[in-house]
Amino acid sequence: MKLLFKEKTLRIFLSVEEGEYAAKIRNKAVCMYSYVISCLRKFEELGLIESQKEGRIKRYKLTEKGKIIASKIKDLLDIK
């Protein structure tokens, strides 16, 4: 699977849950905060996640399209 997907980017995408903030996603994905922010912006541009600002914190969640893709990726990762 590492040949097909960038491991860190995939970990970031699969770490996005309902109402997560970037620092928590960073802790789950175990990578640089700046890389997480960069990936989250790209995912948002692609319509895979959406963000909502609450005070100083920006929370992220998967869109319907993102949930479908995440589900299919998890299915692929289960194949061995």
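A few comments on the model shown:
- Beta carbons closer than 6 Å, at least 6 apart along the sequence or on distinct chains, pair a first residue in the stretch 34-47 that is closer than 12 Å to Gly66 by Cα with a second that is among the charged types (D, E, K, R) and part of a helix (DSSP H, G or I) for Gly47/Lys65.
- Subset of the stretch 29-80 [basic (Lys, Arg) and within 19 Å of Phe5 (Cα to Cα)]: Arg41, Lys42, Lys65, Lys67, Lys72, Lys74, Lys80
- Single residue of the stretch 29-45 satisfying the filter (exposed (fewer than 12 other Cβ atoms within 10 Å of the Cβ) and among the hydrophobic types (A, V, I, L, M, F, W, C)) that is modelled with the highest pLDDT: Met32
- Filtered residues of the stretch 25-49 (kept if under 11 Å from the mean Cα position of the chain (by Cα) and of a type in the set (D, E, K, R)): Arg26, Lys28, Arg41, Lys42, Glu44
- Failed condition for Ile57, given (1) closer than 16 Å to Ser15 by Cβ; (2) of a type in the set (Val, Ile, Thr); (3) in contact with a Phe, Trp or Tyr (Cβ under 6 Å, 6 or more places away or on another chain): (1)
The values are calculated or read from the model by the stated rules, or taken from the named source; none is laboratory data. Predicted model, so just to flag it, every value in this text is computed and none were measured. Here the Cβ is made from the backbone with ideal geometry for all residues, glycine too, and neighbour counts use every protein chain on show.
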